[in-house]
Each structure stands twice: as structure tokens, then as C-alpha cells.
Amino acid sequence: MAPERENQETLSNLLREDRRFEPPVDLAAAANVTAEAYEEANRDRLAFWERAAERLTWAKRWDTTLDWQPPFAKWFVNGKLNVAYNCVDRHVEAGNGDKVAYYWEGEPEGDSRTITYADLQKEVSRAANALTELGVGKGDRVAIYMPMIPELPVSLLACARIGAIHSVVFGGFSATALKSRIDDADAKLVITADGGFRRGAPSALKPTVDEAVKDCPSVEHVLVVRRTGQEVDQTDKDVWWHDVVDRQSEEHIPEAHDAEAPLYILYTSGTTGKPKGILHTTGGYLTQSAWTHHAVFDLKPETDIYWCTADIGWVTGHSYIVYGPLANGATSIIYEGTPDTPHRGRFWEIIQKYRVTILYTAPTAIRTFMKWGDDIPAKFDLSSLRVLGSVGEPINPEAYVWYREHIGGSRTPVVDTWWQTETGAIMISPLPGVTAGKPGAAMKPLPGIVADVVDDQAQSVPNGGGGFLVVREPWPSMLRTIWGDDQRYIDTYWSRFKGFYFPGDGAKKDEDGDLWLLGRVDDVMLVSGHNISTTEVESALVSHPKVAEAAVVGATDPLTTQAIVSFVILRGAVDEGEDIAKELRDHVAKTLGPIAKPRQILIVPELPKTRSGKIMRRLLRDVAENRSIGDVTTLADSAVMNLIAAKLPSAASED
Ligand code: 6R9
């Protein structure tokens with residue numbers, strides 16, 4: 001390639017990957033969704049989504065499938081349905097009341113509960129009656145700040161049942177973060193618990209709620225579940241769940257809500273600025289979360305035991321622990337705690353105990369398991385697993401291959417699912433019975449989804465090229481707006497490329513036209529005229545046998561505009577002798593080409609991550625450019641930045 005041409009590239013395509021994994025023959029033969037689905041959706045996209053909507057039970061059928069006034073969409077116009085009825089009651093009516101909806105596993109060992117669909121129907125009905133008694137009605141907002149206990153999905157479903165709009169705030173957020181979310185939505189009720197169990201000890205939640213709510217005039221009541229038995233301060237707004245919910249009738253007749261009635265607000269884990277309340281509505285959201293769960297995980301509700309390890313405080317938990325799986329009548333696991341309590345084999349122990357068949361987790365967890373060592377999962381019987389999923393960040397090819405081999409026994413397909421809080425449900429992913437998987441690639445938009453990679457002029461890039469991911473057509477579970485701020489919705493998602501939705505991610509098309517996600521475009525590095533994605537350099541580092549995790553940023557450089565600075569966590573037993581930096585720099589240069597060779601390698605004990613496990617490169621950029629470190633309030637562990645800063649001078653390595 002001539003240098004002039006290279007200077008005009010939108011995003012470099014450096015990584016080569018030749019490994020392929022065909023779908024297992026038996027899985028393909030019995031797959032819920034076959035290659036035919038792509039053709040069907042291509043022929044008539046709206047008819048395809050209508051068929052997906054028909055998997056649900058509607059009280060009144062819609063009369064228009066899509067009303068599209070860009071960028072505002074209405075799906076299944078004038079249709080009516082009740083989400084809780086679809087997730088719970090209809091399974092009981094179909095004779096499946098005794099089927100297990102959730103195996104709940106508390107963090108303290110031996111603390112578990114089995115909840116059938118009939119149990120769930122009673123509990124959701126009681127909770128719906130209690131909300132009504134507390135003065136919560138259709139359209140009112142309810143903030144939910146809870147640990148991963150059964151009352152959490154029950155609370156979501158109770159809101160959905162009566163048409164109240166829930167806003168779940170992850171239980172690790174501070175009082176300030178909680179208060180700003182309560183205020184933004186004017187929540188009338190807060191549902192919480194005394195605390196939850198985390199890392200082997202009770203961890204209080206109620207004091208944070210007290211702190212947040214003391215200046216929230218909109219909040220009339222705080223409904224508190226007793227989980228840990230910790231001492232709590234009683235305020236005049238407080239009511240106990242066991243006092244108010246337990247005495248309610250276990251009957252509640254669900255009312256059908258409009259397909260476009262708001263279902264929930266979820267504030268994105270955005271790193272700075274005012275949180276964005278992403279608004280999802282009823283019919284389209286449930287259609288796509290249920291269909292994708294059926295298609296991408298090949299869910300067989302009669303036989304599968306499905307486990308998504310996310311927290312319900314994130315969108316992954318909303319769509320793939322609560323709404324999608326329940327709409328499909330699945331049996332799921334909910335686990336309250338952390339993967340290393342009381343030991344580092346806890347996940348594998350749970351899989352062995354319940355004979356889990358489908359596991360859905362995040363690359364950050366997979367890389368942690370790699371770091372802990374292959375011998376830990378090897379001690380458990382994981383032979384029940386048949387599909388493995390990944391979400392939240394690009395999965396490095398090495399992590400994908402490790403996951404497939406050490407967790408999936410080299411027989412299970414891995415589905416790398418790309419989507420966002422804003423998209424509501426999976427958008428780009430392999431289908432386990434159709435796609436020959438490539439480690440690190442999310443592959444193709446699902447049937448019914450029209451996504452592309454474009455350059456900065458909004459022109460589709462050819463195969464082999466990189467650029468910006470866009471979605472060209474509306475989809476059923478798309479966000480409808482940002483709560484209370486239509487203009488911000490337009491500016492954030494629909495202004496960069498006219499007529500297309502812009503998620504903010506970079507991507508490339510390989511020679512076959514398959515899609516690889518390359519991280520947030522804000523993180524892309526400009527090195528000597530080349531736009532280089534952090535993902536590719538990180539994956540090259542992780543492919544070195546001594547590296548467990550890596551984060552890469554571009555730091556200002558007088559010669560090359562930006563230079564690549566890498567933060568690396570080594571695998572357990574590796575000695576960080578002085579040659580390691582050179583060895584890793586050479587390895588990257590060999591894997592991706594000299595242009596991607598990092599200027600510096602810093603060996604660190606931890607990386608800064610958000611509470612949902614995404615690497616916060618912004619803070620590392622501050623370190624790399626010797627600035628004081630910016631806003632750390634969204635960090636999972638604020639001590640991490642001190643650990644990193646302490647390592648700096650000695651670990652730096654420059655030519
Ligand atoms: C579901 C969720 C969304 C952002 C998204 C992207 C990153 C998620 C990914 C992925 C590459 C994947 N992301 N899945 N990147 N491959 N399979 O994570 O939602 O918390 O809103 O984050 O996460 O950057 O834009 P959310």
C-alpha cells in the first residue's frame with residue numbers, strides 16, 4: 001500500500017486471524033434458527049420482526065408494524081400486551097407452573113432458593129398489589145437499588161405489570177449517583193434492601209439510599225427487603241417488604257399496556273457528564289430481547305439451564321436474566337456474589353451443581369479466569385455446557401480460544417454478542433448453529449438488523465477496511481429517546497452520520513465481510529497518520545503467553561502525534577524481569593507490524609475498570625500523559641489508580 005493511501009484510512013486493519021470453528025453438527029441439525037432466517041429478513045425485514053413479535057402473547061394485535069419518523073420510531077403501533085403476563089402468567093396457563101424459572105444461589109454457600117413460574121406469578125402479583133397500595137401507578141417511576149436477590153427481578157416484573165417505569169441503579173453506585181438518577185426520573189418509590197453479600201461479608205445498601213433520598217422530594221416511600229439482617233436506620237418513608245408485600249393477595253389481573261408504553265429507564269455507564277436515561281418501551285423491546293435470546297443461545301426451554309453472570313443493574317441483566325429468558329420460559333441461574341467467593345472455582349462449581357448448558361459472561365471475567373489458571377476449571381465437570389456467550393467488550397482472540405477450550409471442552413461454539421444499553425438487545429452476533437466462528441469477531445448483524453461500517457464520509461468501507469459502525473435501519477428494541485431530552489438523543493446518536501444510528505464504536509470488515517468490533521472511537525490512537533484501534537494492540541499483547549490482560553492508550557508524542565502506551569498485567573507465575581518490556585514490544589511489532597509497536601510497556605498489578613468491567617482508558621491516558629487523574633467516580637475500585645501510579649517510574653521502558 002502506498003503511504004498516501006494509508007494516510008486516508010479511517011481505521012487500520014492490522015490483526016490477522018485464520019482460526020475457524022464450525023458449528024457442532026448436532027447443534028446445527030436441531031438449531032432454533034437456521035441460515036434461512038437471514039434470507040427471510042432480507043426479503044421482508046418488517047414481516048420478519050412481525051413473526052418474532054408473534055412469539056409473544058398480545059391482548060390486541062398491532063395495526064402498523066413500524067412508524068418511522070427519523071429518528072423517532074414506534075413499533076407495533078396500537079398493539080397491546082403485558083410484559084409480566086408474557087414473562088410469567090402465560091407459562092403457568094400453559095401448564096408449566098412447576099417449571100423452575102430461577103435457581104437462585106446466594107453468595108454464602110448453601111444459601112439457595114428454587115423459584116418456579118407459579119411461585120413467580122404469586123410473588124409478582126403480591127408485589128404489584130403492594131406497589132398499587134403504595135400509590136404507584138401507570139407511568140410513575142420506581143428506582144430500584146438492590147443486590148442480586150429474587151426480589152430484584154420480582155420488582156422489575158411488578159413494575160412492568162402495572163405499567164410503572166423502573167429505573168434500576170446498580171447496587172455499587174454511590175449516594176450521589178443514585179440521587180442524580182432518582183432526581184432525573186422524579187422517582188416516587190425506591191426499592192432496596194438492607195444489604196447483600198459480597199466477598200464473604202454483608203455489604204450495606206440502605207445507608208446509601210438514606211443518604212441519597214434525604215433531599216429527594218419526589219420520593220414518597222422506600223420499600224426495603226430484609227436480606228442480610230443488618231441494622232438499618234428507620235426513616236419515616238421506609239416500609240419493609242415483608243410487612244407490605246407478604247400480606248397482599250397473590251392474585252393480580254394484568255392490564256394490557258400500549259406497545260409503546262415506557263417499560264424502563266436505564267442510565268448508561270457513561271464515563272463523564274450527566275447520566276443519560278435510556279428509555280425502552282414495551283412491545284418492540286420484549287420482541288427483540290426474547291427472539292435474540294432464542295436465536296443466539298439456541299435456547300431450548302425444556303432442557304436448557306441458562307446462566308447469565310451479569311448484574312441485573314446493567315442492561316445485560318435486564319434483557320438476558322429477566323425479560324428475554326422469562327418471555328421464552330427458560331430456567332435460569334441467578335448468582336448473588338463474586339466469582340472468587342469462597343474460592344476461585346465458584347462459577348464452575350455452580351455450573352457443575354446445576355448442569356448449566358448455556359453460559360453468558362464478559363471478556364473481563366474470562367481474562368481473570370485465564371490469569372487464575374487452567375487448573376481451576378479443570379477440577380469441575382463442565383460437560384453440560386453447549387453454548388458460551390460473551391458480551392461487554394471486544395473479546396480478544398486468545399481469550400475466546402481459552403474460553404472455548406478450557407470452559408467449553410473444545411466442543412462448544414462461542415457467540416460474541418455486540419450490543420449496547422441503547423440497542424436494548426443483541427445486534428451483531430454469530431448464530432451457534434449456523435456461523436463458523438472466528439475468534440474475536442462478532443461476525444454478522446442478526447437477521448432483521450442492518451448494520452454497516454462506514455468511513456468519515458458515511459461511505460460503506462470495502463471488505464478489509466475499517467471505520468465507524470452504524471445501524472442503517474430502525475430495530476424493535478432500539479432506545480426511543482433519552483429520558484426528558486429528545487435533543488440530546490438526536491445529537492448523541494443521529495447527528496454524526498445523517499440518517500444512521502451511530503453507537504460510538506469502531507469496527508472493521510474482514511476479507512469475508514465479517515465484522516470485528518474495535519472499541520470506542522474516542523479511544524482510537526493516531527500514530528504517524530495511522531488510526532490504530534486499542535483493541536487490536538491489546539489483543540496482540542494478550543496473545544503473548546506471559547500476558548493476562550492489557551490496556552492500551554495513545555499519549556501525545558512530539559514525533560508521531562500519539563504514541564502507544566501499554567499497561568500490562570502478567571500471568572500468575574511470570575517474573576517481570578527487565579527484558580519483558582522489550583519482548584512484548586517486539587511481539588506486538590511482529591504480530592501487527594512495526595507501526596503498532598508500543599512506545600512504552602508498563603507492568604501493573606490491576607487495570608482501572610468500570611463497575612460493569614469495562615477498561616477505563618481515559619484514566620490511563622491521564623497517567624500516560626503525566627496529568628493528574630480525572631474523575632474516578634465510576635471506577636469499581638478507586639485504589640487501583642494508586643497501585644498503578646506507584647508502579648510507574650521503575651516499569652517504564654523507552655528506547
Ligand atoms: C451490552 C453492553 C455498550 C458498549 C458498546 C461497545 C462495548 C459490548 C461488545 C462490545 C465489542 C462486544 N461492547 N459488547 N464491544 N464486542 N461483543 O455491554 O452494554 O454497558 O451499554 O456497553 O460496550 O463499546 O458500545 P453497555
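Derivation of every value follows stated rules applied to the coordinates shown; laboratory data play no part. Since this is a predicted model, take the numbers as computed values, not measurements. For neighbour counting, all protein chains shown are included, and Cβ atoms are generated from backbone atoms with ideal geometry for every residue, glycine included.
Give me D for region 403-519 in µm² s⁻¹, whole number, from Stokes-Einstein with Rh from the Kirkwood sum over alpha-carbon pairs, 4 °C and 1.567 mPa s.
On the way: Rh = 15.2 Å.
Value of D from the Cα-based Kirkwood radius: 85 µm²/s.
Once amide H atoms are built 1.01 Å from N in the peptide plane, which residues 5 or more positions from LEU446, or in another chain, come under 5 Å H to H?
Excluding prolines and chain starts, which carry no amide H, the hits are ILE428, SER429.
Excluding same-chain residues fewer than 8 positions from LYS74, which lysines have a Cα within less than 26 Å of its Cα?
Result set, ordered by chain and number: LYS60, LYS138, LYS276, LYS444, LYS498.
Hand me the GluC sites (Glu not before Pro) from region 272-361 located in a DSSP loop with no more than 10 other Cβ atoms within 10 Å, in residue order please. The partial results should precede the final answer.
Values: sites: GLU302, GLU336, GLU349; in loops: GLU302, GLU336.
Filter output for region 272-361: GLU302.
Calculate how steeply helix 363-372 sits against the longest principal axis of the alpha-carbon atoms of the chain, using the helix alpha-carbon long axis, and give the answer as 0 to 90 degrees to the nearest 10.
Tilt of helix 363-372: around 70 degrees.
Let me have the relative contact order for the chain, percent, based on Cα pairs under 8 Å that are six or more residues apart.
Details: 1440 pairs, mean separation 89.2, N = 655.
Worked out over the chain, it gives 14 percent.
Where both residues lie in region 524-653, what percent of DSSP beta bridges are antiparallel, nearest 5?
That works out to approximately 80 percent antiparallel.
For the chain, take the longest principal axis of its alpha carbons; what is the angle in degrees between that and the long axis of helix 151-162, to the nearest 10 within 0 to 90?
Between helix and principal axis, roughly 60 degrees.
Per-residue HN-Hα couplings for region 36-41, Karplus 6.51 cos²θ - 1.76 cosθ + 1.60 at θ = phi - 60°, whole Hz, x for Gly and Pro?
Coupling constants for region 36-41: 3, 4, 5, 5, 4, 5 Hz.
Restricting the count to DSSP beta bridges whose residues both fall in region 226-379, what percent are antiparallel, rounded to a multiple of 5? It would help to have the intermediate numbers written out before the result.
Values: 5 of 11 bridges.
Bridges in region 226-379 are about 45 percent antiparallel.
Work out how much length THR556 to ASP18 would gain on full extension: take 0.36 nm times their residue separation and subtract the Cα-Cα distance, in nm to one decimal.
Details: separation 538, 0.36 × 538 = 193.68 nm, distance 3.39 nm.
Residue separation times 0.36 nm, minus the Cα-Cα distance, leaves 190.3 nm.
Run lengths n ≥ 4 of DSSP H only: what is the helix-derived mean residue ellipticity at 222 nm for the chain, with -39500 (n - 2.57) per run over all residues, to the nearest 500?
On the way: 20 runs with 176 residues, N = 655.
So the calculated ellipticity at 222 nm is -7500 deg cm²/dmol.
Which value in nm describes the separation of the simple spin-label points at LEU46 and THR176, placed 7 Å from the Cα toward the beta carbon?
4.8
With r as the distance between the Cβ atoms of GLN230 and THR114 and R0 = 25 Å, compute the FRET efficiency 1/(1 + (r/R0)^6) and round to 0.05. Intermediate values should be presented prior to the final figure.
On the way: r = 25 Å, r/R0 = 1.02.
Given R0 = 25 Å and the Cβ-Cβ separation, E is 0.45.
Run through the DSSP bridge list for the chain and note the antiparallel percent, rounded to the nearest 5.
Around 60 percent antiparallel, to the nearest 5.
Quick one: plug the Kirkwood hydrodynamic radius of the chain (C-alpha pairs) into Stokes-Einstein at 37 °C, 0.692 mPa s, and report D in µm²/s.
Details: Rh = 25.4 Å.
Here the translational diffusion coefficient equals 129 µm²/s.
Using only Cα atoms and rounding to the nearest 10 degrees, what angle (0 to 90) does helix 283-296 make with the longest principal axis of the chain?
On a 0 to 90 degree scale, this one is about 60.
By what distance, in whole Å, do the Cα atoms of region 524-653 stretch along each of the three principal axes, largest value first?
36, 35, 28
Taking amide H positions as placed 1.01 Å from N in the peptide plane, with prolines and chain starts having none, which residues 5 or more places from VAL225, or on another chain, fall under 5 Å of its amide H?
THR192, ALA193, ASP194, TRP241
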